[in-house]
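For reference, the structure discussed in these notes is given below.
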Amino acid sequence: MGFFKKFNDTKINFKLTLAFFVIAFLSIVVIGYLAYEQGKSSLRKESFNRLTAVREMKATQIEDYFNDIRNQIITFSEDLTIVDAMVDFKKGFDTIVTELQISPVQFQAAENRLRKYYEYNFLPKLNIDAKISEDYKKHWPNDKAAIILQDEYISDNEYPLGRKQLMDYAKDGSFYSKAHLAYHPLIRSYLEKFEYYDIFLVDNETGRIVYSVYKEVDYATSLIDGPYANSNIARAFQASKNAKNKDFVRLVDFESYLPSYAEPASFIATPIFKDGKNIGTLIFQMPIKKINEIMTNRHEWAEVGLGQSGETYIVAEDFSLRNQSRFFIEDRENYFRMIASIGTPEETIKKIKTFESTVGLQKVETEGTIAALEGETNTKIFKDYRGVDVLSSYKPLKIEDMHWVIMSEIDKDEAFSHVYDLRNNIIITFFGLLISIVIASFFISKKITKPIKELTKRAEELATGNLEVKIDPRGGDEIGILSKSFIHMQNSLSDMIHNLEDKVEARTRLLKRQKEMIEEKNKEMVDSINYALRLQKAILPTKARVKDSFPKSFVLYKPKDIISGDFYWMNEFEDKTLIAAVDCTGHGVPGAMVSVVGANGLNRCVKEFELKEPGEILDKLSGLVQETFESGEDKVKDGMDGALISIEQEQSSKSKNQSVAQSSCSVLKYAGAHNPLWIVRKTSEVELSQDAPAIPEERISLMEGVDHNLYEIKADKQPIGNFEDATSFTTNQLNLRAGDTVYLFSDGYADQFGGPRGKKFKYKSMKELILKIQDLSMEEQMLTLDKVFEEWRGNLEQLDDVCVIGIRL
């Protein structure tokens, strides 16, 4: 408010300058913002389209590559040379021991050579790479033929580690070695041409790898019960050996493979059939190099539109990479620093450094990979595995047996670099235009405001009472018209001032007289209502009188207005006490008038007509009410609802079957017009129905509590007064026990709106509240009922008069 007040007090010259500035400023801001957003949207769309194009190209290439491998392995397995090789290698493997007739000394020498190879060649390199085990026995072949062949083609092989595949013949004269000389050069040539890591032939019956190109330590071992029976190559073999179709192919995902020094390895297997029988399995160990070449575009990322930070990569269902990360290839130091900063385990970082590969090691559990693995194809912006915001285009790959997804991504900063340039250009242009607008606005506003300032000076003199000030008319523009209007106003003011004071004085006298009349009428009305309140209080029994008859009791009486349509009534006899809670039609003055009729009628019933039974009293009261309201010219059908009880003290004698006399009890009689009676009794006492044999079961309902039960005795469904189908009111009799509590009430408490949703309190909530406060004294019960009512009502208006009476025996 202070700012606007100061602004209103500012000179018009400044206001016009500011107005011109604001209009121009907003125009530039809106135009600049729209241009920026349009450019940003276009560049973002273009970036995502480029990423999607690269993604589709690479997805097609990798899917075609795996389809080609499937076709190659099927074709190769059907080649008669491979079929013959499978037969001959199996035969040679099975006969190698009997053919060579190796003596125990020779076999011991072979074992020693092979053990030295494991201990000094294989295990040192394996443990450098993987830190797995120094015990060669975990990798040792489990039969004599396997040891002989591993010795001849691995440990006794003249070629060094990593070049064992160059040996064509073991020169032992065995059938196996002759077969190896015949088939090995052909299969090795095929491997080198298509760049596979290794090719295996496996005997279906024994699971033995009867042939391997590279002769790693899995050569000659069994995939059924050998040291690598639980590896992924064994799973591929198990699927293929049971195949019934010669075109069956099983591809297994990359896992750490110990014979390849724990590097990730993937295998593809297909059966070899001869004469319609599945005799063996052909297995290719998949090359990671070819997948890397496809996904990294041979390290030429920019040529496919991926700029300085874009890459495409494959993620498997374990959220690990299946090709090298671009950032690992180009800038390893920064790559390791970034993945360490986002919490990558130190052990994983060490393995990546040791194997010099991210395949199967780098985890990529991002928003995009999670969505893609769930089958979603989309483009989004999120943080990649380095913790950098990237634009990403992703989708699942269609490679049989593989649950892989492809990601095509580029850093957000690079993708939006042109957007940032556009933003900077817009900001520079904006500030240049802003300065120009401020200068132009200043000179234009000064020219406009000069005549206005002169006119303002004359107007200020006029405002001080100088009606003789001279105002010069100017031109025909708006300022000239304004000057002439001031002259006309000057003349009009002179005429008006003479008459204004007389009119103001006359109007003031009239308003003062009207105010005095309203105050007088209001006082009379309030006095009448207060007098009616005194009259109503006179007909109500005092709370002290109620306490004399019922020491453990309370009366919660809350009129909606000053006077109430609810009232309570009491009369004492020598042998009993009558007490009632009555709800008359309406509230305020009309309700109070009806309450006078009701209270007077109850007094006549007991004093004039000497009635004591509640039902008879209500019958007589109903007749008196009708008689009163129908005696005048205008017949009134108003009436009342209520509950009337009589309580009579009695002493029960000791029964024959009881060891201790019962405590004193009271006889209660009740009659009700719409309003029920509630009785609360301890759960340890007998049920109320046993003390009220004369009351039909359908007239008694029960709400169970923890320590107390609340019984409701239903009222007759008719009012006191005029009612077309009226019948005699029922007097219900029952015995009360010490500790029982009786409640009479009007509907004002339960019908009150309030609470968080502005709904009625309702009788159910009232019953639950009554049960909840049974351990309190009657005075505390009244205070609690009043507090809950006020909290429920809150800021809402009280809907009706409230009367609640509680009596504890």
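The values are calculated or read from the model by the stated rules, or taken from the named source; none is laboratory data. Please read all numbers here as calculations on a predicted model, not as lab measurements. Every residue, glycine among them, receives a Cβ derived from its backbone with ideal geometry; neighbour counts consider all protein chains shown. What goes into the accessible areas is simple: the full protein's heavy atoms, side chains included, and nothing from ligands, DNA or RNA. Shrake-Rupley method; radii C 1.70, N 1.55, O 1.52, S 1.80 Å.
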For this session: Would you be able to tell me the number of residues in the stretch 146-163 that are of a type in the set (Gly, Ala, Ser) and open to solvent by 10 Å² or more (accessible area, probe 1.4 Å)?
Result: 2
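Please go through the stretch 345-372 and give me each residue that is outside any helix (DSSP H, G or I) and either without any contact (Cβ under 8 Å) to a residue 24 or more places away in the chain or open to solvent by less than 60 Å² (accessible area, probe 1.4 Å) (or both), ordered by number. Let's see the steps before the verdict.
Within the stretch 345-372, the subset outside any helix (DSSP H, G or I) is 345, 356-366.
Selection gives PRO345, GLU356, SER357, THR358, VAL359, GLY360, LEU361, GLN362, VAL364, THR366.
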Exercise. If you check LYS91, LYS58, which single one turns out to be part of a helix (DSSP H, G or I), over 44 Å from the mean Cα position of the chain (by Cα) and under 30 Å from PHE237 (Cα atoms)?
Worked result: LYS91
Seminar exercise, completed: Flagged in the stretch 572-607 as farther than 18 Å from ASP638 by Cβ, open to solvent by 50 Å² or more (accessible area, probe 1.4 Å) and assigned to a helix (DSSP H, G or I), in numbering order, are ASN603, ARG604, LYS607
Exercise. Any residue in the stretch 487-504 that is out of contact with any Leu (no Cβ under 9 Å at 6 or more places or on another chain), within 30 Å of ILE562 (Cβ to Cβ), modelled with pLDDT of 70 or more and not basic (Lys, Arg)?
Worked result: no
Seminar exercise, completed: Residue count, the stretch 703-722, condition within 14 Å of GLU685 (Cα to Cα) and either open to solvent by 10 Å² or more (accessible area, probe 1.4 Å) or basic (Lys, Arg) (or both), comes to 7
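Do the conditions hold for ILE288, that is, is it within 28 Å of GLN324 (Cβ to Cβ), open to solvent by 10 Å² or more (accessible area, probe 1.4 Å) and under 54 Å from the mean Cα position of the chain (by Cα)? Break it down into steps so the answer makes sense when it comes.
On the way: within 28 Å of GLN324 (Cβ to Cβ): yes; open to solvent by 10 Å² or more (accessible area, probe 1.4 Å): yes; under 54 Å from the mean Cα position of the chain (by Cα): yes.
It is true that ILE288 is within 28 Å of GLN324 (Cβ to Cβ), open to solvent by 10 Å² or more (accessible area, probe 1.4 Å) and under 54 Å from the mean Cα position of the chain (by Cα).
Which of the residues belonging to the stretch 134-152 are of a type in the set (D, E, K, R) and assigned to a helix (DSSP H, G or I)?
Quick first cut of the stretch 134-152, residues of a type in the set (D, E, K, R) only: 134-135, 137-138, 143-144, 151-152.
LYS137, LYS138, LYS144, ASP151, GLU152, listed by residue number.
Could you list, in sequence order, all residues of the stretch 274-285 that are surrounded by 19 or more Cβ atoms within 10 Å (Cβ to Cβ) and farther than 19 Å from ASN67 by Cβ?
From the stretch 274-285, those surrounded by 19 or more Cβ atoms within 10 Å (Cβ to Cβ) are 280-285; that's our starting set.
Listed by number, the residues that qualify are GLY280, THR281.
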Seminar exercise, completed: For the stretch 86-113 the number of residues that are among the aliphatic types (A, V, I, L, M), open to solvent by 50 Å² or more (accessible area, probe 1.4 Å) and over 21 Å from ARG188 (Cβ atoms) is 1
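So that you can scan it fast, the table gives a plain yes or no per residue for (1) of a type in the set (S, T, N, Q); (2) open to solvent by 20 Å² or more (accessible area, probe 1.4 Å):
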residue: ALA179; (1), (2): no, no
residue: ALA182; (1), (2): no, yes
residue: TYR190; (1), (2): no, yes
residue: SER212; (1), (2): yes, no
residue: PHE237; (1), (2): no, no
residue: SER240; (1), (2): yes, no
Exercise. Residues in the stretch 402-411: is at least one part of a helix (DSSP H, G or I) and touching a helix residue (DSSP H, G or I) at 6+ places or on another chain (Cβ under 9 Å)?
Worked result: no
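Could you grab me the full set of residues in the stretch 61-80 that are surrounded by fewer than 13 Cβ atoms within 10 Å (Cβ to Cβ) and either acidic (Asp, Glu) or in contact (Cβ under 8 Å) with a residue 40 or more places away in the chain (or both)?
Here is the first cut: in the stretch 61-80, the ones surrounded by fewer than 13 Cβ atoms within 10 Å (Cβ to Cβ) are 64, 68, 71, 75, 80.
Within the stretch 61-80, ASP64, ASP68 meet the criteria.
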Problem set entry | Neighbours by Cβ (under 9 Å, 6+ apart or cross-chain): first from the stretch 702-720, farther than 12 Å from GLU768 by Cα and modelled with pLDDT under 95; second surrounded by fewer than 21 Cβ atoms within 10 Å (Cβ to Cβ) and among the basic types (Lys, Arg) | ASP707/LYS682
Problem set entry | Residue identified as charged (D, E, K, R), open to solvent by less than 40 Å² (accessible area, probe 1.4 Å), touching a residue at least 40 places away in the same chain (Cβ under 8 Å) and outside any helix (DSSP H, G or I) among ASP247, ASP253 | ASP253
Exercise. Is one or more of the residues making up the stretch 207-225 farther than 22 Å from MET167 by Cβ, part of a strand (DSSP E or B) and under 56 Å from the mean Cα position of the chain (by Cα)?
Worked result: yes
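Using the structure shown, decide if GLY375 is surrounded by 16 or more Cβ atoms within 10 Å (Cβ to Cβ) and either in a loop (DSSP other than H, G, I, E, B) or charged (D, E, K, R) (or both). Walk me through how you get there before you give the answer.
Values: surrounded by 16 or more Cβ atoms within 10 Å (Cβ to Cβ): no; either in a loop (DSSP other than H, G, I, E, B) or charged (D, E, K, R) (or both): yes.
Criteria not met by GLY375.
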Seminar exercise, completed: Restricted to the stretch 153-190 and to residues being in a helix (DSSP H, G or I) and among the aliphatic types (A, V, I, L, M), the residue nearest to the chain's Cα centre (by Cα) is ILE187
Problem set entry | Candidate set from the stretch 298-317 (those that are in a helix (DSSP H, G or I) and in contact (Cβ under 8 Å) with a residue 12 or more places away in the chain); member that is least open to solvent (accessible area, probe 1.4 Å) | VAL304
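Determine which member of the set VAL388, VAL405 is open to solvent by 20 Å² or more (accessible area, probe 1.4 Å) and among the aliphatic types (A, V, I, L, M). Write out each step before concluding.
Details: VAL405 fails: open to solvent by 20 Å² or more (accessible area, probe 1.4 Å).
VAL388 is the lone residue from the list that is open to solvent by 20 Å² or more (accessible area, probe 1.4 Å) and among the aliphatic types (A, V, I, L, M).
LEU556 - would you say it is more than 22 Å from PRO614 (Cα to Cα), touching a helix residue (DSSP H, G or I) at 6+ places or on another chain (Cβ under 8 Å) and part of a strand (DSSP E or B)? Outline the logic, then answer.
On the way: more than 22 Å from PRO614 (Cα to Cα): yes; touching a helix residue (DSSP H, G or I) at 6+ places or on another chain (Cβ under 8 Å): yes; part of a strand (DSSP E or B): yes.
Considered against the rule, which asks whether it is more than 22 Å from PRO614 (Cα to Cα), touching a helix residue (DSSP H, G or I) at 6+ places or on another chain (Cβ under 8 Å) and part of a strand (DSSP E or B), LEU556 comes out as yes.
Report those strands (runs of 3 or more DSSP E) wholly inside the stretch 723-809 carrying at least 2 residues which are open to solvent by 50 Å² or more (accessible area, probe 1.4 Å). If you could, list the steps in order and put the result at the bottom.
Numbers: elements: 732-737, 741-745, 802-808.
The qualifying strands (runs of 3 or more DSSP E) are 732-737.
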For this session: Determine, yes or no, whether VAL83 is open to solvent by less than 40 Å² (accessible area, probe 1.4 Å) and touching a residue at least 60 places away in the same chain (Cβ under 8 Å).
Result: yes
Seminar exercise, completed: Selection from the stretch 687-702 of residues open to solvent by less than 50 Å² (accessible area, probe 1.4 Å) and of a type in the set (A, V, I, L, M, F, W, C) yields LEU688, ALA692, ILE695, ILE700
Exercise. Which condition number in (1) touching a Gly at 6+ places or on another chain (Cβ under 7 Å); (2) open to solvent by 10 Å² or more (accessible area, probe 1.4 Å); (3) in contact (Cβ under 8 Å) with a residue 60 or more places away in the chain is the one that ASP203 fails?
Worked result: (2)
